[in-house]
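Data block below; observations after.
The values are calculated or read from the model by the stated rules, or taken from the named source; none is laboratory data. Keep in mind it's a predicted model, so treat the numbers as computed, not measured. Cβ placement follows ideal geometry from the backbone for every residue including glycine, while neighbour counts extend to all protein chains displayed.
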Amino acid sequence: MLEADHLITFATVAKLESLSLAAEHLYKSQPAISNQLKRLQEAVGEPLYTRHRYGIRLTSTGEALLPFAQTLTRTLEAARHYVHELRVGQTGQLSIAASTTIAMYYLPKQLKLFQEEMPGIELRLITCNTQEAVHLLTEGSADLALIEGPLQNSRLEQRQIAQDEIMLAVLPEHPFAGKKVLQLAELNGLEVVRRESGSGTRAVVDAVLNPAGIRPKTVLEAKGVDAVKEAVLQGFGAAFLSKLALEREVSMGLLKALRIDKGLIRPLSMVHAGLELCSQTTRSFIQFLETNQQRIEAQPSE
């Protein structure tokens with residue numbers, strides 16, 4: 001019966017043309033090498049090599065068998081190399097489910113920096129809302145979830161990676177456009193475009209407005225940041241949107257971003273099932289994000 005270990009030993013002996021050198025290379029005793037070759041020859045039923053004063057010489061059967069043994073050896077070496085890179089986070093796949101704002105305005109730069117550090121890792125980004133991101137994580141369709149809203153699952157671990165502020169986006173001609181800060185009471189009855197249920201942005205806004213009894217008037221509900229921004233640009237009304245998501249339109253003069261006096265500050269968080277359940281690739285990315293956050297927190301505030 002052929003055994004993989006015996007074939008690998010045979011390929012090593014053939015390469016080095018010496019049992020003693022093969023024993024050193026494989027960290028085995030010479031008798032162990034001889035025993036493995038003997039058992040291999042018994043399995044094949046033909047002599048595989050002959051001895052001479054300078055080492056060994058393969059027989060025709062040994063020459064014919066050698067390519068198979070070499071292929072097996074290369075495959076094992078490749079597997080060992082892959083496992084090593086996997087353990088140190090240099091290869092693998094990473095699937096991230098991220099809420100819309102994070103996926104569009106925070107993650108692209110972070111993923112580019114991570115890819116430069118770990119070029120062998122294949123990245124997959126799933127854009128969805130906070131609720132959907134957590135669902136994809138719990139069902140195993142994503143390795144990591146990055147969310148904006150509060151986490152409603154105590155079995156998952158959550159860690160803040162950045163901070164964002166929700167602003168009120170209005171057209172330059174809107175009655176509020178001349179203001180920089182709005183009082184909560186001014187939002188009561190205000191015509192707004194709302195994000196869909198399950199949105200992290202919507203959850204944060206509702207958590208502040210509802211207890212205060214503030215009820216804006218929803219004129220349109222849309223899924224996704226871009227859809228909401230476009231609705232504001234078309235004149236449907238104001239909208240609560242991430243400061244990150246409004247930078248381009250504000251810089252171009254297309255929209256105004258107004259701060260709410262209470263400050264709708266929210267954390268951007270990563271969520272996972274626990275480090276002990278994460279792959280090395282996932283742990284490498286988690287460490288990358290945490291290091292970035294520590295660097296930001298260490299910077300002096302303006």
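Assorted remarks:
- Entry remark, the range 132-160: residues being in contact (Cβ under 8 Å) with a residue 60 or more places away in the chain, crowded, with 18+ Cβ neighbours inside 10 Å and not β-branched (Val, Ile, Thr) number 9 in total.
- Taking the range 104-143 as the range and being in contact with a Cys (Cβ under 8 Å, 6 or more places away or on another chain) and closer than 22 Å to residue 164 by Cβ as the test, only 136 passes.
- Listed by first and then second residue, the pairs linking a residue in the range 169-183 that is free of Cβ contacts under 8 Å to residues at least 24 places away in the same chain to a residue that is basic (Lys, Arg) and surrounded by 10 or more Cβ atoms within 10 Å (Cβ to Cβ), with Cβ atoms under 9 Å apart and 6 or more places separating them unless they lie on different chains, are 178/256.
- Extreme residue, surrounded by the most Cβ atoms within 10 Å (Cβ to Cβ), among residues of the range 261-295 that are β-branched (Val, Ile, Thr) and more than 20 Å from residue 141 (Cβ to Cβ): 265
- Just so you know, in the range 64-121 the residues that are aliphatic (A, V, I, L, M), more than 27 Å from residue 269 (Cβ to Cβ) and at pLDDT below 85 include one that is surrounded by the most Cβ atoms within 10 Å (Cβ to Cβ), and it is 76.
- Any hit, the range 71-80, residues being within 48 Å of the chain's Cα centre (by Cα), touching a residue at least 40 places away in the same chain (Cβ under 8 Å), part of a helix (DSSP H, G or I) and more than 30 Å from residue 284 (Cβ to Cβ): yes
- The residue pairs whose first member lies in the range 19-45 and is farther than 21 Å from residue 59 by Cα and in contact (Cβ under 8 Å) with a residue 12 or more places away in the chain, whose second member is among the aliphatic types (A, V, I, L, M) and surrounded by fewer than 18 Cβ atoms within 10 Å (Cβ to Cβ), and whose beta carbons are closer than 7 Å, counting only pairs six or more residues apart or on different chains, are 25/16.
- Residue count for the range 210-262, restricted to those that are among the aromatic types (Phe, Trp, Tyr) and under 34 Å from the mean Cα position of the chain (by Cα): 1
- Sole residue being over 29 Å from residue 135 (Cα atoms) and acidic (Asp, Glu), chosen from 191, 196, 230: 191
So that you can scan it fast, the table gives a plain yes or no per residue for (1) of a type in the set (A, V, I, L, M, F, W, C); (2) loosely packed, with under 13 Cβ neighbours inside 10 Å:
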| residue | (1), (2) |
| --- | --- |
| 176 | yes, no |
| 203 | yes, no |
| 215 | no, yes |
| 223 | no, no |
| 243 | no, no |
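- The set of residues in the range 217-233 that are of a type outside the set (Asp, Glu) and closer than 27 Å to residue 185 by Cβ comprises 217, 218, 219, 220, 222, 225, 228, 229, 231, 232, 233.
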